[in-house]
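Undergrad: The structure under discussion is supplied below as structure tokens; questions concerning it will follow.
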Ligand code: SF4
């Protein structure tokens with residue numbers, strides 16, 4: 001039976017999917033993790049080159065492991081053996097067929113809001129890979145751009161800073177201190193309003209809570 005949360009997600013998702021369409025971003029809503037994983041795998045043709053950015057959502061869905069079971073050409077930087085190899089993979093990922101990532105926040109009117117320390121993940125979202133698939137739980141939906149910026153700086157980034165064991169003010173204060181510290185993971189903030197290449201960006205929304 002559908003829970004009130006699921007019913008709410010369904011209603012919100014219908015609104016967001018339509019909003020993405022206006023922005024030439026193709027969006028899908030999947031009620032469960034299993035359906036979400038199936039949709040992502042359906043979207044990627046066999047033998048494609050595939051890479052992905054650091055993401056708890058992808059980890060929770062075990063998408064890297066599932067991709068390793070399929071017949072794809074994977075650029076998986078966790079398998080790199082040296083800093084030089086990691087750096088090369090970052091660059092090679094920018095010309096892959098499919099790049100997978102999540103989004104730190106998504107507005108009800110269909111904008112993707114992301115922060116990045118180094119910038120490799122948002123670089124791929126902006127330009128390079130032929131296709132980008134954004135996979136996100138409905139917990140990432142916020143009302144508008146202002147709420148998205150508050151979310152990324154006061155929830156997504158601090159929890160990620162803890163995960164990455166970074167020494168930043170937000171891990172001490174529990175909220176953003178607008179730092180410029182060496183460990184700052186908020187070097188860049190990106191708002192994606194539309195895709196100039198129609199449907200290069202695809203979004204798979206999942207009716208569950210995933211990632212931060
Ligand atoms: S304190 Fe620094 S690292 Fe933490 S959220 Fe703010 S800008 Fe980002």
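Undergrad: Test of understanding: ordering 142, 11 by Cβ neighbours within 10 Å, fewest first, what list do you get?
TA: 11, 142
Undergrad: For 6, 202, which order do you get if you count the other beta carbons within 10 Å of each Cβ and list the fewest first?
TA: Ranking 6, 202 by Cβ neighbours within 10 Å, fewest first, gives 6, 202.
Undergrad: Could you put 102, 181 in order, starting from the residue whose Cβ has the fewest other Cβ atoms within 10 Å?
TA: 181, 102
Undergrad: Obtain the nm distance between the two label points defined at residue 196 and residue 172 by a simple spin-label model: each point lies 7 Å from its Cα along the Cα-to-C-beta direction.
TA: In this crude label model, residue 196 to residue 172 measures out at 4.2 nm.
Undergrad: Report the Cα centroid-to-centroid distance between region 146-212 and region 29-99 in angstrom, as an integer.
TA: When both Cα centres are located, 20 Å separates them.
Undergrad: Could you calculate the contour length gain from residue 84 to residue 143, that is, 0.36 nm times the residue separation minus the distance between their Cα atoms, to one decimal place in nm?
TA: 17.1 nm
Undergrad: Now, a different point. Pick out which of 192, 57, 118 has the largest mean-square fluctuation in a Gaussian network model of the chain, springs linking Cα atoms closer than 10 Å.
TA: The residue with the greatest mean-square fluctuation here is 118.
Undergrad: Evaluate E = 1/(1 + (r/R0)^6) for residue 165 and residue 56, where r is the Cβ-Cβ distance and R0 equals 22 Å; express this FRET efficiency to the nearest 0.05.
TA: So, using R0 = 22 Å, E works out to roughly 0.90.
Undergrad: Still on this model: Hey, rough spin-label estimate for residue 108 and residue 34, points 7 angstrom out along Cα→Cβ, what's it come to in nanometres?
TA: Result: 3.2 nm between the two label points.
Undergrad: Explain nothing, just the number: relative contact order of region 4-206, from Cα pairs under 8 Å at least 6 residues apart, as a whole percent.
TA: Taking the mean separation of contacting Cα pairs over the length of region 4-206, I get 29 percent.
Undergrad: With springs only between Cα atoms under 10 Å apart, run a GNM on the chain and tell me which of 167, 114, 131 wobbles the most.
TA: Greatest mean-square fluctuation among the candidates belongs to 167.
Undergrad: Okay, helix-only estimate at 222 nm for the chain: each DSSP H run of n ≥ 4 adds -39500 (n - 2.57), divide by all residues, round to 500 deg cm²/dmol; what do you get?
TA: -10500 deg cm²/dmol
Undergrad: Rank 75, 41, 164 by mean-square fluctuation in a GNM of the chain with C-alpha springs under 10 angstrom and give only the top-ranked residue.
TA: The residue that fluctuates most here is 164.
Each reported figure results from applying straightforward, stated rules to the coordinates on display, with no laboratory input. Bear in mind the structure is a predicted one, so any value in this text is a computation, not a measurement. Cβ atoms come from the backbone with ideal geometry, glycine included; neighbour counts cover every protein chain shown.
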